[in-house]
Each structure stands twice: as C-alpha cells, then as structure tokens.
Amino acid sequence: MTNPTAAQPFDIERVRRDFPILQRTVHGKPLVYLDTAASAQRPLAVIEATDRFYREHNANVHRGVHTLSQEATDLYEGARRGLARFINADSEREIIFTRGTTEAINLVAQSYLRPRLEPGDEILITHMEHHSNIVPWQMLREQTGAVLKVAPINDRGELELDALEALLSDRVRLLGVVHISNALGTINPVAEICRMAKRHGIPVLVDGAQAMPHSRVDVQALGCDFFCLSAHKMYGPTGIGALWARESTLESMPPWQGGGEMISRVTFEQSTWNELPAKFEAGTPNIAGGVGLGAAVDYLDGLGLEVIAAYERSLLKYATERLREIDGLRIIGTAGNKAPVVSFTLGDIHPHDLGTIVDHYGVALRTGHHCTMPVMQFFGVPATARASFGLYNTLEEVDVLADALEKARAMF
Ligand code: 7TS
C-alpha cells in the first residue's frame with residue numbers, strides 16, 4: 001500500500017513545523033532532540049487527534065448505545081483498521097492493542113508459549129535484545145523449566161547468522177529477535193531469519209519497536225508469527241502499542257488477563273470468551289491512545305516511509321562521519337545495515353557526564369545501558385551515549401551535537 005502523497009520530496013522545514021515541541025529552548029539554546037529511540041516527539045496531527053477525542057467524543061467503547069460511545073468505538077476501531085492496513089495484516093482481528101511492545105511480548109510468553117513448553121524445551125533469543133525481549137522469557141524459564149539460548153553477535157554488532165541457524169534445534173519452541181537494535185542501530189535481516197526458522201518449523205516473534213518509525217513493515221512479507229510495536233516510538237502516544245499475529249494463532253491461544261470485554265458470557269460456574277481481538281483486551285482500553293496511534297499511522301503514511309528512510313540514511317551517514325572526526329570517540333555498533341542510531345563513548349568521560357554537558361547546549365542524548373545490559377557487557381562498556389535520530393532532525397543539528405561533544409572533550 002503506497003500513499004499517493006508520499007511521492008513528494010521530503011520538506012524538512014515543513015515537517016519540523018508539524019512538531020510544536022521543536023520550537024522550545026533548553027538552557028537558552030534551541031532544543032536538539034536526539035532521543036527518538038527512547039520516545040519520539042508527537043506531531044500536531046497526533047496531539048490534535050487526542051485533544052479532539054477528549055473535547056468531542058470521550059466515552060467508554062464497545063458497551064454503549066449512546067452516540068458518544070459509538071463515536072468513541074468507531075474512532076478506536078478505525079485506528080485498529082488503520083494499523084492493520086499499515087502493517088499489511090490480513091484483518092483488524094489480528095491486531096491486539098497492548099500497552100506497548102513490552103506487554104505484547106509478555107502476552108506471547110504467557111498465553112502462546114507457556115502452555116506449549118515442557119522442561120528442557122528451548123527459547124532462542126539474540127545477544128542484542130532489549131530487556132523486554134529477555135526478561136519475559138527468563139520468567140517463563142522459571143515457570144516451566146525451559147532453557148534460554150542466546151544467538152551471538154560480532155564486533156560490529158551484527159547477528160552471526162550461521163551460529164543462529166546452528167542453534168535452531170528441534171527443541172526450540174520460539175525464536176525472539178529484535179528487528180532494529182535500539183542500542184546499536186543494527187537492522188537485522190528479519191525476513192531471512194524467519195525463512196531460516198520456518199525451515200525448522202520454529203515460530204518467530206519480532207520485536208518491532210524500533211522498526212516502525214524507520215522502515216515500512218509488512219508482517220506478511222517478513223514471514224514472522226508475532227510482531228510487537230509501541231506507538232510512542234512511531235510518533236504516537238505512550239501507553240499504547242500492539243501485538244500482531246495470525247488469526248489462527250490467536251484463536252489457539254487462551255486469554256491471558258480476565259475481566260470485562262474479553263468475555264462472551266459469565267456465570268459463577270464458568271465463562272466463555274469473546275471473539276478476536278476482544279479476547280485479549282480485558283478492561284477499559286487506552287482509547288485516546290488508540291486514536292492517537294491511528295493519527296500517527298496516518299502521519300507516517302502521509303510522509304511515506306520510503307521517503308523518511310532515505311532522509312534518515314543521509315542523517316546517519318553525516319552523523320557517523322562527523323562523530324568519527326572527534327578524537328577519542330568510539331562508535332559502538334558499526335553494522336553494514338543501520339538505522340539512524342549512533343551509540344558511542346568519548347575517551348574516559350562517563351556517558352552520564354557527557355549527557356549532562358551537552359544538555360547545556362540544548363542537546364538531548366540518552367546515556368546508560370539502554371535496557372540492553374548484555375550488549376554493554378559484550379562491548380566491555382558500562383554505558384554509552386546514544387544519539388538517535390528521527391524524521392525531524394537536521395544536518396545542522398548533527399553539527400550542534402559534534403560541537404557540543406568537542407567542548408565536552410576539552411573540559412576533561
Ligand atoms: N524493544 C526495543 C527494541 C526497544 O527499543 C524498546 C524501548 C522496547 C522493546 C520496549 O518498548 P516499550 O514501549 O514497551 O517500553 N526502548 C527504549 C530505549 O531505547 N530507551 O528507552 C526505551
């Protein structure tokens with residue numbers, strides 16, 4: 001599905017005007033927001049959609065006959081249809097709204113995998129996973145006696161595909177892999193990995209949190225079994241995201257939380273379950289969040305992900321060149337295929353000090369382990385500073401970052 005307006009060239013000044021927060025200053029300097037991988041800023045379209053929802057349509061969804069409740073339901077379900085279309089799902093029944101990627105992964109762990117695991121069965125993940133694609137499987141390991149295996153990475157921060165394939169034994173019940181690493185920027189060859197896993201009959205969960213804002217995701221073309229995403233990484237609200245899985249897979253899974261909306265009929269003796277996707281959405285959902293997610297999808301579609309990706313590649317190229325010129329700067333994560341994320345250390349300066357200093361120049365960097373402690377251990381660093389770019393960043397902002405880093409270096 002391509003959007004006819006997407007063929008327009010990328011007008012960065014116009015795009016920046018869509019993001020009101022970019023007008024503000026920090027310590028008297030223009031904000032240079034380089035923390036999009038943690039959470040993206042929101043365009044007016046998203047802010048206004050949630051604002052309009054609360055001003056004009058706010059009511060609980062699904063159970064009402066009154067007009068507002070029906071309007072709220074239409075908006076919320078419209079967002080689900082929009083997301084289904086955006087990622088090329090077969091139908092909106094394949095979209096389960098969650099709080100985000102983390103909750104989507106936990107849902108798969110508890111509802112899909114837990115009933116299928118025997119002691120000694122294996123769950124395979126990779127060395128570059130975010131904690132949210134590690135810890136739910138560790139918890140499952142404690143609950144079931146399963147074994148957690150880890151596919152290795154190399155010094156550039158790329159997956160070792162041969163080693164990964166060698167780990168695809170007949171004991172593996174699920175492979176969990178990150179599409180784009182938040183700490184390294186590595187774009188994994190997920191379609192190839194899914195084909196590999198399919199040859200061994202192993203289902204694949206893709207952590208797509210970082211992929212959604214940077215590349216067009218087509219869940220059918222990827223060939224995965226589960227795809228997890230967060231709206232706030234893709235210019236939408238926090239507290240909402242989704243799990244995609246095929247209808248047949250979701251039908252085979254028991255509900256994981258009980259409550260209102262997920263039932264068909266309740267007596268004290270027994271309850272029966274609602275149809276998809278309601279079966280997995282107990283309780284009142286994040287309705288305004290869903291509406292905002294729908295607006296974010298429309299916004300990204302309007303710009304065109306191919307256009308965004310091309311622009312972001314130019315940002316990454318320039319940032320990599322500029323940062324490499326800085327004495328003592330070490331880039332962590334130098335994969336051949338990267339998203340616009342640059343993790344680095346600078347001499348012996350602690351990343352937190354670096355982050356604090358550049359903040360005084362208006363530059364928002366994330367510093368720490370980025371919820372990927374095993375990646376930090378692999379590269380032998382306690383933490384990195386990370387510049388992560390979004391569709392609103394400019395080459396001039398890369399210069400501001402580089403100058404601020406030079407000033408920080410001079411202070412030590
Ligand atoms: N997976 C990846 C690859 C992520 O980058 C993140 C969040 C998550 C999962 C969890 O998403 P959530 O929306 O459920 O929290 N990453 C980051 C980050 O890089 N800095 O802060 C959060």
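Computed quantities for the displayed model
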quantity	calculated
Binned Cα-Cα distance frequencies in segment 174-279 - 10 Å width, integer %	13, 37, 30, 15, 4, 0
Three-way shape call for segment 61-137 based on the alpha-carbon gyration tensor, with the a/c threshold at 1.5	prolate
Backbone N within segment 378-407 under 18 Å of label point (7 Å from ASP353 Cα along the Cβ vector)	381-386, 404-407
Qualifying lysines (Cα of each under 20 Å from Cα of LYS149; at least 8 residues distant if same chain)	LYS198
P(r), alpha carbons of the chain - 20 Å bins starting at zero, rounded %	26, 56, 18, 0
Pairwise label distance in nanometres, LEU395 with ILE21, each label 7 Å out on the Cα-Cβ vector	2.7 nm
Distance (nanometres) between label positions extended 7 Å along Cα→Cβ at ARG63 and ARG195	4.9 nm
Relative contact order (%) - criterion: Cα under 8 Å, at least six apart; region: the chain	23 percent
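FYI, it's all coordinate maths here, none of it is from the lab. Every value quoted in this text rests on a predicted model; they were computed, and no experiment measured them. Quick reminder, even Gly has a Cβ in these numbers, built from the backbone with ideal geometry, and neighbours come from all protein chains shown.
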